[in-house]
Structures are given as C-alpha cells and as structure tokens.
1. First check a/c for the stretch 189-245, with a ≥ b ≥ c the square roots of the eigenvalues of its C-alpha gyration tensor; if it is under 1.5, answer rounded, and if not, answer prolate when a/b is larger than b/c or oblate otherwise.
2. In terms of the Cα gyration tensor, with a ≥ b ≥ c the square roots of its eigenvalues, is the stretch 1-56 rounded because a/c is under 1.5, prolate because a/b exceeds b/c, or oblate?
3. Ala148 to Asp52: extension gain in nm, 0.36 nm per residue of separation minus the Cα-Cα distance?
4. Ranked by Cβ crowding within 10 angstrom, fewest neighbours first, how are Thr118, Thr142 ordered?
5. Only one of the listed values, (1) 22; (2) 27; (3) 33, was derived from the coordinates as percent of Cα pairs over 31 Å apart; which label is it?
6. Using the Karplus curve 6.51 cos²θ - 1.76 cosθ + 1.60 with θ = phi - 60°, work out ³J(HN,Hα) for each residue of the stretch 175-186 in order, rounded to whole Hz, and write x for Gly and Pro.
7. Leu194 to Asp266: FRET efficiency via 1/(1 + (r/R0)^6), r the Cβ-Cβ distance, R0 45 Å, to the nearest 0.05?
8. As I understand it, the value is the acute angle between the Cα axis of helix 200-210 and the longest principal axis of the Cα atoms of the chain; what does it come to in degrees, rounded to 10?
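FYI, it's all coordinate maths here, none of it is from the lab. Here the structure is a predicted model, which is why all the values come from computation and not from measurement. Glycine also receives a Cβ, built like all others from the backbone with ideal geometry; neighbour counts cover every protein chain displayed.
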Amino acid sequence: MLLAHLSDAHIGPIPRPKLRELMGKRATGYANWLHKRSRLHDMGLLARLVEDLLAQRPDHVAMTGDVVNIGLPAEIAAARQWLAGLGSPSHVSFSPGNHDAYVPGAMPLLEETFAPWTTGDDGVSGFPYLRRRSGVALIGLTSGVPTAPFVASGRLGAEQCARLESLLEMTKREGLARVVMIHHPPHCGGARPLRGLEDAESFEAAIARQGAELVLHGHNHAQSLHFLPGPQGRAPVVGVASASARQGSHYPAAAYHLYEIARDGDRISIQVRTRGISETGEEIVELGGLQDSALVSA
C-alpha cells in the first residue's frame, strides 16, 4: 500500500459569521484568524500540495484533522467538498482535530458531515473505526473535543482507548499492518501545556500491550518522529507539517508524507518520504528529514 498522510489544512478564509455564531470560544478564534492565522495559511499552496499528492496515486489518504478553524456550518460544508476532492470516502480516512470540534454546538453537524470518511468496515460511523485495505488495518480515532478559550488539548476517553486496544489485538491476530490515525500527538510531552492529549498515558499503555506498526498525527504543524515501546519492538509515531503553512511563518512550510507499506511473509517494512514546498516556493519537491527513512523492518 502507498499511504498518503496530510493534516491541519485550516481551510479559509473563514466565512463571515453571524453575530450569534460568535458566542463563546468562536469569538476569540475568529479574532485570532483575522489578526494572525489567516496570514499563516495559504489556500493556493494547499491546492498545489493536494494536486501533487494525487499525482503520486496513493492507494489511500489519511487526513488527521483541523480541516476547519472555528467549526462554523459554512466551514464544515466547504471542508466536505475539500475532502471529496482527495478521493472517494472509501479511499480517504478522517480523524477530527480540536478546531473541527471547536464548540459543543458543532459536534452533531461534524459527525453527520464527515460520516462517510469515518465509517468502518462494519458500516457504522464512529470512533474508533477500522478499515482493512490491502493487508493494512487503518484505525481512526478522534481526539477532538470542545475546550475552553485558549485551550487546544484533546482527549480519547476510556471507552475509545479500550476499543482501540481490542482492535489492535484483533488485527494483530489477522496479521495486518496496523496504522493508527489521530490528531493530537499521542505520547506524553508531545505538545505544549494545554495543547496535548490529556490521556496520552492510556494510549501509550494500549500500544505497550498490543503494539502498532505506525501511528500518524498532526496538530503541532511540524514534522516529528517519536517511538513508543510495544510488546515486540517500538511503534513509530510520526507528525506531519500543516498542509497549508506558508513559507517564512513560525511553522515549517507545507508538506505531506508518503508511506510505502510492504509485506514479505511475516516481515513488514514501512518506508516514508516527505514532499513539500521548495525553498524557492515555486514547486512541490522531495524534502529531507524523514526522507527514505525505514520506520519498521521486522
């Protein structure tokens, strides 16, 4: 399988909200967009990145959240169109982030709109979901929960963690390469205070007992590589840059990852490549960092 991973599109510009839509946290989020975030994210660059991604002809696309900014209905409708542009729902998997779940009132619409991209093999939309594709188990989680202003933390909850562990155990028995998709970095210390995964210890414990071949996340707007201990080796946890970040901002410029997941008998190998905006800003090219890294070979 060739698996593409991108995150944190932060599609804009934000449609002008109605006054009643700016109650609570959305007021500070909209002000932040007008005075800061709108200058950090480039929709033209995002379109070019997606065009390059699709040209690589991936077998599946993982999008790990923050597709919108403050959870407005008009934003969510635009995000649905954008996700559809990545491919059919059977070929694209989505895991919501904190900006998608920005306020409690957005949650029902969020769940309904993105259901086609969060439906498992059992035909049920929800989290965690399981999709089996070409010998790979794609397990989607949601860490996006409504929080107070100036807080961007995430949470899985005990029920989701328990279901995750069950799915990891089941798909391990099936001999599948297990890829977990989540928005927040799922390890302790993976993000600044008030931005991390509140129950990262529970996630780490599930991986320690059952293992995983690959964990993908976004949220930090930066490429990163971390390893969690598992029962038969380490599980690589890989973060990716924002898919729309402008060059010259305090975030790394826009990029996405490509994973080639292969099996030879009982041996699984995963190679990762990074593609993103060039230093000149003129084209999408192969980048360094994780370039040609072998994450798993066991």
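1. In terms of gyration-tensor shape, oblate.
2. Verdict is prolate for the stretch 1-56.
3. 30.9 nm
4. Thr118, Thr142
5. Checked against the structure: label (1).
6. Karplus values, whole Hz, x for Gly and Pro: x, 8, 7, 9, 10, 9, 10, 8, 7, 6, x, x.
7. About 0.55, to the nearest 0.05.
8. 20 degrees
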